[in-house]
Amino acid sequence: MGKTETRSTCCYCGTGCGVLIASEDGRITGVRGDPEHPANFGRLCSKGLNLAASAVSDSGRALYPEMRLTRDAPRQRVAWDSALDSVAESFARIIQQHGPDAVAFYVSGQLLTEDYYLFNKLAKGVVGSNNIDTNSRLCMSSAVTAYKKAFGADGPPTCYADLEQADCVLFAGSNLAYAHPVLLRRLEDARAARPDTRWIVIDPRRTDTAAMADLHLQIQPGTDVALFNGMLHHLIWEGLVAEDYINAHTEGFAELKQMVRNTTPKMAAEICGIREEDLIQAAEWFGHSPASLSLYCMGLNQSSHGTDKNLALINLHLATGQLGKPGAGPFSLTGQPNAMGGREVGGMATMLAAHRDIDNAEHRAQVAAHWGVPFERLSATPGLPAIAMFEALQQGRIKAIWIACSNPAHSLPNLPQVRAALAQAELVVVQDAFAHTDTTALADILLPAATWGEKEGTVTNSERRISRVRAAVQPPGEAQSDGWIVSQIARRLEALLHPGAASLFGNTAIASVFDEHRGLTSGRDLDISGLDYALLDKAGPQQWPLPAGAVQGQARRYVDGVFATANGRARFHALRYQPPAENVSAHYPFRLLTGRLRDQWHGMSRTGRLPQLFAHRPEPALEMHPDDAERRGLQAGDLLRISSKRGQLVLPLALSRELPGGTVFAAMHWNGQFLNSGGINETSQPQVDGQSFQPELKHAAVKVEKI
Ligand code: SF4
């Protein structure tokens, strides 16, 4: 086979860095940054740099299909045909007995767009249910609902080139230094070239990103809306708003102005627990800068008021006209490599393909016609989003679930309830590249999947840029690509549910699946009808929209001030601050915050296999301010039981001056392989945002006891 270098994309975060994979004789031997990729220009962070090391060993991989006949029996290796037949027959039987909504699909922002498309078509076009949701619900759904409410369509209006052109960068709930390190390097370079650039970081913790800021607003957890309203009050009454932009391109400003009249900077600063002069300074920098850019992430989204937080920040941009021009705009940063692609194909319970709506009969008719299925097949009833899906599983309303490329027994809130739901299910199918996750431990059927470096497709990064993902080697054992597995089961299910009908999965060559997907985008806001694999191969990664006839994608949206709403105007939203869902009490006196570590990824299925990625943080810990620890007679290293109303876990104490008093912090990554529990989500709470259905993973009330 000899030596080969394959151009692909990193499988971790939504930065979407290009990589070049070196392989020899069927093994991956090295990975370097792709100097031609416009996201990273050759740079990689510690996770990307260790991709080759993570790919060399088959240890821990799911290598063969496995099944168990009864719940108390161990799974046994079986032939692919037996596993595929069994999934299809069980799903068909349950659907025929209880209806299409008795089954569910829980997929992942780490699937490739083509895999996502096939899963979505299976659920909505074959089964006839919208019960397909994804771990992207835990990631970006509040950003989606806010974009749609404010601009009329999903998707960020900005691009990475804005990082170099911004004069003021506002980080809101984003520890960029850990979550998107390559983007931080781009910002550092930009600030070195233009030292007058201002960085404002809003975060309850003094993170590594906050430590680099010109101004750190260390707000009380969850008080972002009060902060943004207070800043807007100052901008309005100091004459820093863009009246011409507001009059020409927006609606709803008068109501918002009336609402924030009483939210003075003084009052807002008191709610947030910061100095009034710091709030005013932030507003002044934001309002006076020629170009202000906001970067935001889970600190805004993972909240019971996540949509409001996003909208309150967007209000600042609309009021100052900081949008649709170089270096300016609200920029949501996707956590996962393909949370964007999943939204594009409509692979969620609350949307249809190409940003269409489930409750819109015309949209359903368009999708049904594209797929060649009867209009009635597409359900008009929204499916159950992630949290409600697992509640329905526990209650027996959903009887079978197929989980792909995700580890909900670690990543969902309230893990005791999630485990109870999976134990209650008639059938749990798990499709994963890794054999030993908290969720595979509960699987009745395990379908071994190919992973990064072994499969083909595309992903879309945070700036709407679509990149190719390419296979450099064959998957180990009998593992197969996600698209192959879905198609095989879909064909069997079609034959059982719709005998005699033409298959929707006749041509599943990966380029054909992409063509089918882009055909559905024609005429939509994310139109990529002009983009195919040949153009991606020739011209490299492209941003959407890229309609037929265009030679390249569009860097920024709304540059003409015309938005995707019915009347073309962006909408302000008058929002009042509301506290987090669960307040502290005498029984549960600490606010628990969660977040990422620099060198680990999600549930550590991949990064947890590499000793070198433990050098930064070798072991799990609960972080607490030294003053809080001293008051309780605690010392670093003490073993602590952390309890909430839902569950508990044990972690050693680490002291940290990054935290304000009264809060504790735990990283989200540590799982059942490292702890005698599923991780910090044993304690987190499942309250969701009423509009986005995203859970408040970043805030819970807990107590801490030495054991
Ligand atoms: Fe991969 Fe994200 Fe690191 Fe880039 S910044 S190398 S995409 S983990």
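Looking at A339, A319, A349, A328, just one residue is hydrophobic (A, V, I, L, M, F, W, C) and within 22 Å of L187 (Cα to Cα), and that residue is A328. Mind checking whether some residue in region 106-119 is surrounded by fewer than 20 Cβ atoms within 10 Å (Cβ to Cβ), away from the ligand (no atom under 14 Å from the Cβ) and either modelled with pLDDT of 95 or more or in the same structural domain as E463 (by TED's automatic domain parsing) (or both)? No; the residues of region 106-119 include none that is surrounded by fewer than 20 Cβ atoms within 10 Å (Cβ to Cβ), away from the ligand (no atom under 14 Å from the Cβ) and either modelled with pLDDT of 95 or more or in the same structural domain as E463 (by TED's automatic domain parsing) (or both). Just one of the numbered conditions (1) within 30 Å of M298 (Cβ to Cβ); (2) in the same structural domain as S129 (by TED's automatic domain parsing) is not true of V78: (1).
Residues checked against (1) crowded, with 21+ Cβ neighbours inside 10 Å; (2) in the same structural domain as N407 (by TED's automatic domain parsing); (3) touching a Leu at 6+ places or on another chain (Cβ under 6 Å):
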position: R641; (1), (2), (3): no, no, no
position: G662; (1), (2), (3): no, no, no
position: G678; (1), (2), (3): yes, no, yes
position: V688; (1), (2), (3): yes, no, no
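Quick one: is E66 away from the ligand (no atom under 16 Å from the Cβ), within 27 Å of T134 (Cβ to Cβ), surrounded by fewer than 22 Cβ atoms within 10 Å (Cβ to Cβ) and not hydrophobic (A, V, I, L, M, F, W, C)?
yes
Candidates in region 591-629 are the residues that are farther than 24 Å from G48 by Cβ and assigned to a helix (DSSP H, G or I); of these, the one that is farthest from the ligand (Cβ to nearest atom) is D627. If the condition is being among the β-branched types (V, I, T) and under 20 Å from A146 (Cα atoms), then region 552-594 contributes V559, V562, T565. Suppose we keep only residues that are assigned to a helix (DSSP H, G or I) and hydroxyl-bearing (S, T, Y) within region 301-328. Which one would you say is surrounded by the most Cβ atoms within 10 Å (Cβ to Cβ)? Among those that are assigned to a helix (DSSP H, G or I) and hydroxyl-bearing (S, T, Y), it is T307. With respect to being assigned by TED's automatic domain parsing to the domain that holds V367, part of a helix (DSSP H, G or I) and more than 23 Å from N407 (Cα to Cα), V126 fits the description.
The conditions of being over 27 Å from the mean Cα position of the chain (by Cα) and of a type in the set (S, T, Y) are met by Y64. Against the test of being in contact with a Phe, Trp or Tyr (Cβ under 6 Å, 6 or more places away or on another chain) and acidic (D, E), the options E658, E623, E582, E630 yield a single qualifying residue, E623.
Restricting attention to region 534-553, which residues are part of a loop (DSSP other than H, G, I, E, B), at pLDDT 95 or above and surrounded by fewer than 17 Cβ atoms within 10 Å (Cβ to Cβ)? The one that is part of a loop (DSSP other than H, G, I, E, B), at pLDDT 95 or above and surrounded by fewer than 17 Cβ atoms within 10 Å (Cβ to Cβ): A548.
Going by the conditions given, is R43 at pLDDT 95 or above and within 16 Å of the ligand (Cβ to nearest atom)? Against the criterion (at pLDDT 95 or above and within 16 Å of the ligand (Cβ to nearest atom)), R43 qualifies. Going by the conditions given, is S59 under 17 Å from G453 (Cα atoms), away from the ligand (no atom under 11 Å from the Cβ) and either surrounded by 13 or more Cβ atoms within 10 Å (Cβ to Cβ) or among the charged types (D, E, K, R) (or both)? Judged against the criteria, S59 is not a match.
Of the helices (runs of 4 or more DSSP H) that lie entirely inside region 134-213, those containing 2 or more residues that are within 16 Å of the ligand (Cβ to nearest atom) span 176-179, 181-193, 208-211.
Of all residues assigned to region 541-553, at least one qualifies as being outside the structural domain of V367 (by TED's automatic domain parsing), of a type in the set (V, I, T) and out of contact with any Phe, Trp or Tyr (no Cβ under 7 Å at 6 or more places or on another chain).
Checking each residue in region 2-29 for being on the phi > 0 side of the Ramachandran plot and either more than 13 Å from the ligand (Cβ to nearest atom) or free of Cβ contacts under 8 Å to residues at least 40 places away in the same chain (or both) picks out G2, D25, G26. Within region 35-47, can one find any residue that is of a type outside the set (S, T, N, Q), without any contact (Cβ under 8 Å) to a residue 12 or more places away in the chain and over 27 Å from R185 (Cα atoms)? No, the conditions are met nowhere in region 35-47. Identify all residues within region 538-587 that are under 28 Å from P265 (Cβ atoms) and among the aliphatic types (A, V, I, L, M); write none if there are none. Matches in region 538-587: A570, A574, L575, A581, V584.
The values are calculated or read from the model by the stated rules, or taken from the named source; none is laboratory data. If you're wondering where the values come from, they're calculated on a predicted model, not measured in any experiment. So basically every Cβ, Gly included, is an ideal-geometry build from the backbone, and we count neighbours across all protein chains shown.
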